[in-house]
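What follows is a single structure, written as structure tokens, with notes after it.
Since every read-out is calculated from the coordinates, none of them should be taken as a lab result. Quick caveat: nothing in here was measured; it's all calculated off a predicted structure. Quick reminder, even Gly has a Cβ in these numbers, built from the backbone with ideal geometry, and neighbours come from all protein chains shown.
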Amino acid sequence: MIRTVLMSLGAIAMACSGSNASTDGAAGSGAGTSLPGQANATLVIQKGVTNCPTPGKTYELGNPRGPTSTSVGDVLIDGEQGASVTCSVQGRGPFTFSATIRGTSGVSMTISDGVIDADGLNGTAMLDVYTPDLAATYTSGRHGCGVTVVNQQVKPGAMWATLLCPTIASASTAQSCTVGAGSTFVLENCAGS
């Protein structure tokens with residue numbers, strides 16, 4: 001277990017530090033490597049404006065642990081154990097990013113229209129979340145989400161960031177929740193340029 005954590009920490013440090021020798025500093029299938037996409041996420045679902053079916057519940061999309069703002073957790077690798085990962089982190093500041101992560105427990109999330117400002121620290125994104133407990137897809141819609149990069153860990157093909165969404169709502173149930181503090185995601189081996 002400790003070895004896995006240390007290997008994961010080394011992988012994200014290498015992916016985000018710009019010292020990935022095999023791709024001359026750029027990770028991801030779009031950057032010259034054939035490694036599968038890797039990602040994980042921790043989603044903290046909290047009470048929203050209207051009745052949230054699962055307030056106060058934390059979901060980890062990891063193998064087995066999701067990330068925090070101090071640990072990258074255990075990544076899911078695209079195609080392994082039923083996990084599915086597609087992701088892209090493009091640019092040199094500002095950055096654009098997107099991802100779809102499907103874990104092994106039926107939980108999935110899609111990040112779209114992600115932008116990190118030229119400072120490489122803050123940005124926004126849209127989020128869609130599905131969990132068996134929510135029983136529907138909840139989306140951030142026009143409200144969007146705030147994104148904060150952890151320890152300047154963003155580069156073409158990889159990033160580590162926290163996520164806060166004031167509202168995610170289901171069009172089919174008219175219920176809403178928030179994605180609160182502690183929500184974090186890591187993307188590695190993504191398309192990047």
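Quick one: net charge around GLY182, please, counting Lys, Arg +1 and Asp, Glu -1 for every other residue with C-beta under 12 Å from its C-beta.
Local net charge: 0.
Take peptides 48-57, 95-104 and line them up by average Cβ neighbours within 10 Å, highest first, as a rough protection proxy.
Result, highest mean Cβ count within 10 Å first: 95-104, 48-57.
Residues with amide H under 5 Å of VAL150's amide H, sequence separation 5 or more or different chain, H placed in the peptide plane at 1.01 Å from N; which?
TRP160, ALA161, THR162
Within a 10 angstrom radius of the beta carbon, how do ASP119, ASP78 rank from fewest other beta carbons to most?
ASP119, ASP78
Of the listed peptides 154-160, 169-175, 82-88, what is their order by residue-averaged count of other C-beta atoms within 10 Å, with the highest listed first?
154-160, 82-88, 169-175
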